[in-house]
Amino acid sequence: MLSAKSLRFFGFAMPLLTAGFWVGLIGWWTLGFTAFTATSHTFNLAGPLPRQAASLALVNHQGHFFSLIQPNGPYRLVYFHFLSCRQICPLLHSRHLEILRSLPPVKQANLELLAISVDPADTPDKLWAHLRHLDSPPNLVMAALDGPQPQSLQALGVSVVRKADGSYNHPAFSFLINPQGKMVLVVDGNTPPAQAARRIEKELP
């Protein structure tokens, strides 16, 4: 039977051990927290909002090539992911669907969700197969980068870091781009979806 002193010790030590576990896990996921630094630095380096978005060359889940910047195109809420991600990315998809559904129907109709994969292995057929298994609206578009574009990503304010295990660190931000190609709003991934939807709604016609 444990003494009162031992119980006090375990009562003090367990929270520290738990905190240490989560700090270690986050440190591993973020390459020793350097991913946070890289994301913040790259985003700040791109300049204040609103700013011209970089014209990424993309290919969608149907194999159609297009540019992130399309004159007179839709408002786009852009986020980044990769298909082999089993931790954060599924939450990102769910989060953005919740943001969309939190908007009034007339606002939903004026917005395209654009999920851009950062993994060259995510081909259009793989994106299409993944999209078919999602409970997704017609205005969700899966796309991949049409070749490496580090300078365009950096100009967009996006840092992508490949880890030793082949997975990727990327921002969990939501980037709102208007039909004129201006990035008008960036929402942090920690913002509750309903609050994010209210901020986005103010920018939509």
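The values are calculated or read from the model by the stated rules, or taken from the named source; none is laboratory data. For clarity, every value in this text was computed on a predicted model and none was experimentally measured. Cβ placement follows ideal geometry from the backbone for every residue including glycine, while neighbour counts extend to all protein chains displayed.
For the list (1) farther than 21 Å from Pro192 by Cα; (2) crowded, with 18+ Cβ neighbours inside 10 Å; (3) in contact (Cβ under 8 Å) with a residue 60 or more places away in the chain, I need the number of the one condition that Asp119 fails. In the conditions (1) farther than 21 Å from Pro192 by Cα; (2) crowded, with 18+ Cβ neighbours inside 10 Å; (3) in contact (Cβ under 8 Å) with a residue 60 or more places away in the chain, Asp119 misses (3) alone.
Look through region 101-113, keep the residues that are free of Cβ contacts under 8 Å to residues at least 40 places away in the same chain and not basic (Lys, Arg), and return whichever of them is nearest to Val187 (Cα to Cα). Looking at residues that are free of Cβ contacts under 8 Å to residues at least 40 places away in the same chain and not basic (Lys, Arg), I get Leu113. Considering only residues that are without any contact (Cβ under 8 Å) to a residue 12 or more places away in the chain and either assigned to a helix (DSSP H, G or I) or of a type in the set (Asp, Glu) (or both), look in region 68-100 and name the one that is surrounded by the most Cβ atoms within 10 Å (Cβ to Cβ). Step by step, filter region 68-100, then rank; the result is Cys89. Against the numbered list (1) surrounded by 14 or more Cβ atoms within 10 Å (Cβ to Cβ); (2) closer than 18 Å to Arg86 by Cα; (3) touching a residue at least 40 places away in the same chain (Cβ under 8 Å); (4) over 14 Å from the mean Cα position of the chain (by Cα), Lys163 comes up short only at (1). The residue that is surrounded by the fewest Cβ atoms within 10 Å (Cβ to Cβ), counting only those in region 181-196 that are out of contact with any Ser or Thr (no Cβ under 8 Å at 6 or more places or on another chain) and within 16 Å of Leu56 (Cβ to Cβ), is Lys182.
Looking only at residues in region 103-147 that are hydroxyl-bearing (Ser, Thr, Tyr) and at pLDDT 95 or above, the one that is nearest to Ile69 (Cα to Cα) is Ser117.
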